[in-house]
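See below for the structure under consideration.
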There are 2 protein chains.
Amino acid sequence: MANFMDVHSGFFGVTAEQLREAHERDLAIEQDEGVHFTRAWLDPDSGKAFCLSSGPSRESVMRIHERAGHPTAEVYALLIEVS
Amino acid sequence: MANFMDVHSGFFGVTAEQLREAHERDLAIEQDEGVHFTRAWLDPDSGKAFCLSSGPSRESVMRIHERAGHPTAEVYALLIEVS
(Lines give C-alpha, C1' and ligand atoms only; values in the text may rest on other atoms or scores of the structure.)
Protein backbone atom coordinates (compact mmCIF):
# COMPACT_ATOMS: atom_id res chain seq x y z
CA MET A 1 0.00 0.00 0.00
CA ALA A 2 1.11 3.53 -0.75
CA ASN A 3 -0.32 7.02 -0.68
CA PHE A 4 -1.24 8.87 -3.84
CA MET A 5 -2.12 12.39 -4.90
CA ASP A 6 -4.08 12.83 -8.07
CA VAL A 7 -4.76 16.03 -9.92
CA HIS A 8 -7.78 16.88 -12.06
CA SER A 9 -8.06 19.89 -14.35
CA GLY A 10 -11.08 21.64 -15.81
CA PHE A 11 -13.33 21.55 -12.72
CA PHE A 12 -14.20 25.23 -13.16
CA GLY A 13 -17.08 26.45 -11.03
CA VAL A 14 -17.76 23.06 -9.47
CA THR A 15 -19.71 23.44 -6.22
CA ALA A 16 -19.12 21.80 -2.86
CA GLU A 17 -22.16 19.60 -3.43
CA GLN A 18 -20.90 18.52 -6.85
CA LEU A 19 -17.46 17.70 -5.43
CA ARG A 20 -19.09 15.68 -2.67
CA GLU A 21 -21.17 13.75 -5.21
CA ALA A 22 -18.06 13.01 -7.29
CA HIS A 23 -16.15 11.92 -4.18
CA GLU A 24 -19.02 9.65 -3.12
CA ARG A 25 -19.00 7.96 -6.52
CA ASP A 26 -15.36 7.07 -5.81
CA LEU A 27 -16.14 5.87 -2.30
CA ALA A 28 -18.98 3.67 -3.54
CA ILE A 29 -16.64 1.51 -5.65
CA GLU A 30 -13.17 2.05 -4.17
CA GLN A 31 -13.16 -1.30 -2.37
CA ASP A 32 -13.18 -3.09 -5.72
CA GLU A 33 -9.54 -2.04 -6.10
CA GLY A 34 -8.51 -1.87 -2.45
CA VAL A 35 -8.26 1.92 -2.69
CA HIS A 36 -9.41 4.50 -0.15
CA PHE A 37 -9.89 8.16 -1.00
CA THR A 38 -9.33 10.15 2.17
CA ARG A 39 -9.67 13.79 1.12
CA ALA A 40 -10.47 15.89 -1.94
CA TRP A 41 -9.89 19.60 -2.44
CA LEU A 42 -10.96 21.99 -5.15
CA ASP A 43 -9.98 25.42 -6.40
CA PRO A 44 -13.08 26.30 -8.44
CA ASP A 45 -11.45 29.36 -10.01
CA SER A 46 -8.53 27.46 -11.55
CA GLY A 47 -10.55 24.26 -12.01
CA LYS A 48 -7.91 22.17 -10.21
CA ALA A 49 -8.94 19.34 -7.91
CA PHE A 50 -6.66 17.18 -5.76
CA CYS A 51 -7.47 13.81 -4.20
CA LEU A 52 -5.42 12.08 -1.52
CA SER A 53 -5.75 8.31 -1.43
CA SER A 54 -4.13 5.08 -0.37
CA GLY A 55 -4.07 1.94 -2.42
CA PRO A 56 -2.00 -0.80 -4.01
CA SER A 57 -0.95 1.07 -7.19
CA ARG A 58 -1.36 4.15 -9.36
CA GLU A 59 -3.37 2.08 -11.80
CA SER A 60 -5.87 1.05 -9.12
CA VAL A 61 -6.52 4.71 -8.29
CA MET A 62 -6.87 5.55 -11.99
CA ARG A 63 -9.35 2.73 -12.58
CA ILE A 64 -11.66 3.90 -9.76
CA HIS A 65 -11.58 7.50 -10.96
CA GLU A 66 -12.27 6.40 -14.54
CA ARG A 67 -15.24 4.25 -13.53
CA ALA A 68 -16.58 7.09 -11.36
CA GLY A 69 -16.59 9.38 -14.38
CA HIS A 70 -13.61 11.65 -13.68
CA PRO A 71 -10.52 10.02 -15.20
CA THR A 72 -7.06 11.49 -14.78
CA ALA A 73 -3.59 10.37 -15.81
CA GLU A 74 -2.02 12.58 -13.15
CA VAL A 75 -1.63 10.21 -10.20
CA TYR A 76 1.54 10.59 -8.12
CA ALA A 77 2.96 8.06 -5.67
CA LEU A 78 3.75 9.94 -2.46
CA LEU A 79 6.75 7.90 -1.40
CA ILE A 80 8.01 10.69 0.87
CA GLU A 81 6.00 12.79 3.31
CA VAL A 82 6.88 15.33 6.00
CA SER A 83 4.70 17.25 8.43
CA MET B 1 -7.46 32.56 6.18
CA ALA B 2 -7.78 29.85 3.58
CA ASN B 3 -6.14 26.56 2.74
CA PHE B 4 -3.78 26.19 -0.18
CA MET B 5 -2.16 23.42 -2.20
CA ASP B 6 1.00 24.21 -4.04
CA VAL B 7 2.76 22.10 -6.62
CA HIS B 8 6.47 21.97 -7.40
CA SER B 9 8.02 20.26 -10.41
CA GLY B 10 11.53 19.02 -11.05
CA PHE B 11 12.22 17.52 -7.60
CA PHE B 12 13.58 14.33 -9.18
CA GLY B 13 15.36 11.99 -6.82
CA VAL B 14 14.96 14.26 -3.80
CA THR B 15 15.35 12.30 -0.56
CA ALA B 16 13.21 12.35 2.56
CA GLU B 17 15.95 14.25 4.37
CA GLN B 18 16.18 16.84 1.60
CA LEU B 19 12.40 17.30 1.62
CA ARG B 20 12.46 17.73 5.38
CA GLU B 21 15.21 20.35 5.12
CA ALA B 22 13.24 22.24 2.47
CA HIS B 23 10.08 22.05 4.59
CA GLU B 24 11.96 23.30 7.64
CA ARG B 25 13.22 26.30 5.69
CA ASP B 26 9.56 27.18 5.09
CA LEU B 27 8.62 26.62 8.74
CA ALA B 28 11.47 28.83 9.93
CA ILE B 29 10.05 31.93 8.21
CA GLU B 30 6.36 31.16 7.66
CA GLN B 31 5.22 33.37 10.54
CA ASP B 32 6.49 36.43 8.69
CA GLU B 33 3.50 36.04 6.37
CA GLY B 34 1.02 34.41 8.74
CA VAL B 35 1.31 31.16 6.79
CA HIS B 36 1.54 27.62 8.14
CA PHE B 37 2.71 24.67 6.07
CA THR B 38 1.05 21.56 7.46
CA ARG B 39 2.19 18.75 5.18
CA ALA B 40 4.44 18.13 2.19
CA TRP B 41 4.52 15.10 -0.09
CA LEU B 42 6.92 14.05 -2.83
CA ASP B 43 6.91 11.64 -5.73
CA PRO B 44 10.66 11.42 -6.41
CA ASP B 45 10.18 9.55 -9.70
CA SER B 46 8.03 12.24 -11.32
CA GLY B 47 9.69 15.08 -9.42
CA LYS B 48 6.34 16.42 -8.21
CA ALA B 49 5.98 17.83 -4.70
CA PHE B 50 2.80 19.06 -3.04
CA CYS B 51 2.49 21.30 0.02
CA LEU B 52 -0.67 21.87 2.04
CA SER B 53 -0.81 25.15 3.89
CA SER B 54 -3.06 27.74 5.44
CA GLY B 55 -2.58 31.46 5.19
CA PRO B 56 -4.03 34.82 4.24
CA SER B 57 -3.41 34.67 0.46
CA ARG B 58 -1.79 32.81 -2.43
CA GLU B 59 0.84 35.52 -2.58
CA SER B 60 1.83 35.01 1.06
CA VAL B 61 2.45 31.31 0.38
CA MET B 62 4.43 32.14 -2.75
CA ARG B 63 6.61 34.66 -0.91
CA ILE B 64 7.61 32.13 1.78
CA HIS B 65 8.44 29.46 -0.79
CA GLU B 66 10.45 31.93 -2.82
CA ARG B 67 12.46 33.11 0.19
CA ALA B 68 13.03 29.48 1.24
CA GLY B 69 14.58 28.75 -2.14
CA HIS B 70 11.84 26.73 -3.88
CA PRO B 71 9.55 29.17 -5.67
CA THR B 72 6.42 28.05 -7.48
CA ALA B 73 3.64 29.87 -9.30
CA GLU B 74 1.32 26.90 -8.83
CA VAL B 75 -0.55 27.75 -5.64
CA TYR B 76 -4.24 26.84 -5.51
CA ALA B 77 -6.83 28.16 -3.07
CA LEU B 78 -8.74 25.15 -1.72
CA LEU B 79 -12.09 26.83 -1.27
CA ILE B 80 -13.89 23.47 -1.24
CA GLU B 81 -12.91 20.31 0.63
CA VAL B 82 -14.58 16.97 1.26
CA SER B 83 -13.48 13.97 3.27
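The values are calculated or read from the model by the stated rules, or taken from the named source; none is laboratory data. Computed from a prediction, not measured in an experiment: that's the story for all the values here. Here the Cβ is made from the backbone with ideal geometry for all residues, glycine too, and neighbour counts use every protein chain on show. We work out accessible area using only protein heavy atoms, side chains counted, and drop any ligands, DNA or RNA first. Shrake-Rupley method; radii C 1.70, N 1.55, O 1.52, S 1.80 Å.
For chain B, what is the Kirkwood estimate of the hydrodynamic radius, computed as the reciprocal of the mean inverse distance between distinct Cα atoms, to one decimal in Å?
12.7 Å
Can you give the angle from 0 to 90° between the axis of helix B:16-29 and the longest principal axis of chain B, with both taken from C-alpha atoms, to the nearest 10?
Approximately 30 degrees, to the nearest 10.
By how many degrees, 0 to 90 and rounded to 10, does the Cα axis of helix B:58-67 deviate from the longest principal axis of chain B?
Between the helix axis and the principal axis of chain B, the angle is about 40 degrees.
By the scheme Lys and Arg +1, Asp and Glu -1, what is the net charge of all other residues having a beta-carbon under 13 Å from that of B:Leu19?
So the environment of B:Leu19 carries a net charge of -2.
Please work out how much accessible surface B:Phe12 shows to a 1.4 Å probe, ignoring ligands, DNA and RNA, in Å² rounded to 10.
140 Å²
Mind checking the mean number of beta-carbon atoms from other chains within 10 Å of the Cβ atoms in B:37-50?
So the per-residue partner count for this stretch is 5.
Starting from the exponent 0.38 and prefactor 2.2 Å, build the expected Rg for the protein assembly as shown from its residue count and divide its actual Cα Rg by it.
So the Cα radius of gyration is 1.01 times the expected 2.2 N^0.38 Å.
In the neighborhood of B:Glu74, defined by Cβ-to-Cβ distances under 14 Å, what is the net charge if each Lys or Arg adds +1 and each Asp or Glu adds -1?
Neighbour charge sum, excluding B:Glu74 itself: -3.
Calculated FRET efficiency, B:Gln31 and A:Ala28, Cβ-Cβ r, R0 41 Å, to nearest 0.05?
After rounding, the FRET efficiency stands at 0.45.
Share of chain B's accessible area from carbon and sulfur, percent, 1.4 Å?
50 percent
Can you compute the charge dipole magnitude of segment B:28-78 about its Cα centre, using +1 on each Lys and Arg Cβ and -1 on each Asp and Glu Cβ, nothing else charged? Give it in debye, rounded to the nearest 20.
Computed about the Cα centre, the dipole is about 60 debye.
Determine the total buried accessible area between chain A and chain B, counting protein heavy atoms only with a 1.4 Å probe; round to the nearest 100 Å².
Its buried surface, counting both partners, is about 2600 Å².
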